[in-house]
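J.: Here you go, one structure.
The values are calculated or read from the model by the stated rules, or taken from the named source; none is laboratory data. No experiment lies behind these values; they were computed from the predicted model shown. Here the Cβ positions follow ideal geometry from the backbone for every residue, glycine too, while neighbour counts run over all protein chains shown.
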Amino acid sequence: MIDEQIAGFIEGAVMTILASRDARMRAAIGRAVGTRRAGPALFETLVSRVQWPELTGDLVPGAPLALTFAGLEDYRCYQVKSVVLEVGTADEDDRRRAASYVAEMTRRLAAVGVAARPAGAWLCELDLQRVRYRPLALYAQTPGIDAGRRLGEPVP
């Protein structure tokens, strides 16, 4: 479902928003600090449990998860509807990947005029959780005529 070009985009330095819900259908959101492909149809995203406790509390196997990946410079944007497969504590490799992501995102945000102080509040590396999920649907969200279109479906 997610081709190599889109996978490369979402694995890069792009803003990543996660959204889920609890058993009472109350939504929770948070920002991630890195994503990688973990298999042919699997991805893993890193998120701070201490910064986003409501969101991470909702992320249990079988839970729905929506992720939005947005490029800073061109507003290119995709949304991935998925199901959580497992959640675990980040390991040393994950922490290195998150640190690299935060450094690159801080640099890119500065290049478009966002100061380091607010960027630091969005990009937290403390108490990282690794969320593994399987994408179920992919949508184009880039502003324009294709916004909201499910990819893989014909354009009307």
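J.: So which residues in segment 37-52 are over 15 Å from residue 86 (Cβ atoms) and either of a type in the set (A, V, I, L, M) or part of a strand (DSSP E or B) (or both)?
T.: Taking segment 37-52 first, the residues over 15 Å from residue 86 (Cβ atoms) are 37, 40, 48, 50-52.
Selection gives 37, 48, 50.
J.: Taking segment 110-146, which residues are among the hydrophobic types (A, V, I, L, M, F, W, C), free of Cβ contacts under 8 Å to residues at least 24 places away in the same chain and either surrounded by 18 or more Cβ atoms within 10 Å (Cβ to Cβ) or not in a helix (DSSP H, G or I) (or both)?
T.: If the condition is that a residue be among the hydrophobic types (A, V, I, L, M, F, W, C), free of Cβ contacts under 8 Å to residues at least 24 places away in the same chain and either surrounded by 18 or more Cβ atoms within 10 Å (Cβ to Cβ) or not in a helix (DSSP H, G or I) (or both), then 114, 115, 145 are the ones that fit.
A quick yes/no check of all residues on (1) polar (S, T, N, Q); (2) over 22 Å from residue 121 (Cα atoms); (3) not in a strand (DSSP E or B):
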{"site": "25", "(1), (2), (3)": "no, yes, yes"}
{"site": "29", "(1), (2), (3)": "no, no, no"}
{"site": "54", "(1), (2), (3)": "no, no, yes"}
{"site": "60", "(1), (2), (3)": "no, yes, yes"}
{"site": "65", "(1), (2), (3)": "no, yes, no"}
{"site": "68", "(1), (2), (3)": "yes, no, no"}
{"site": "72", "(1), (2), (3)": "no, no, yes"}
{"site": "84", "(1), (2), (3)": "no, yes, no"}
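J.: I've got another one for you. Test each condition in (1) over 18 Å from residue 132 (Cβ atoms); (2) crowded, with 22+ Cβ neighbours inside 10 Å for residue 72 and report the one that comes out false.
T.: Checking residue 72 against (1) over 18 Å from residue 132 (Cβ atoms); (2) crowded, with 22+ Cβ neighbours inside 10 Å, the one that fails is (2).
J.: Can you name the residue in segment 7-23 that is farther than 16 Å from residue 100 by Cα, aliphatic (A, V, I, L, M) and not in a strand (DSSP E or B) and, of all such residues, is modelled with the highest pLDDT?
T.: 7
J.: Restricting attention to segment 86-97, which residues are surrounded by 12 or more Cβ atoms within 10 Å (Cβ to Cβ) and assigned to a helix (DSSP H, G or I)?
T.: 94, 95, 96, 97
J.: Any residue at all in segment 103-123 that's aliphatic (A, V, I, L, M), under 18 Å from the mean Cα position of the chain (by Cα) and modelled with pLDDT of 95 or more?
T.: Here is the first cut: in segment 103-123, the ones aliphatic (A, V, I, L, M) are 103, 105, 109-112, 114-116, 119, 121, 123.
Among the residues that remain, those that are also under 18 Å from the mean Cα position of the chain (by Cα) are: 103, 105, 109, 119, 121, 123.
Retained after the next criterion (residues that are modelled with pLDDT of 95 or more): none.
No, because not a single residue in segment 103-123 is aliphatic (A, V, I, L, M), under 18 Å from the mean Cα position of the chain (by Cα) and modelled with pLDDT of 95 or more.
J.: Please work out which residue is nearest to residue 134 (Cα to Cα), limiting yourself to segment 45-64 and to residues that are within 14 Å of the chain's Cα centre (by Cα) and crowded, with 21+ Cβ neighbours inside 10 Å.
T.: Result: 45.
J.: Continuing with this model, one more query. Looking at residue 100 and the list (1) at pLDDT 90 or above; (2) surrounded by fewer than 17 Cβ atoms within 10 Å (Cβ to Cβ); (3) over 20 Å from residue 48 (Cβ atoms), which single condition is not satisfied?
T.: Result: residue 100 passes all but (3).
J.: Taking segment 21-34, which residues are crowded, with 16+ Cβ neighbours inside 10 Å and closer than 18 Å to residue 70 by Cβ?
T.: Of everything in segment 21-34, those that are crowded, with 16+ Cβ neighbours inside 10 Å and closer than 18 Å to residue 70 by Cβ turn out to be 30, 31, 32, 33, 34.
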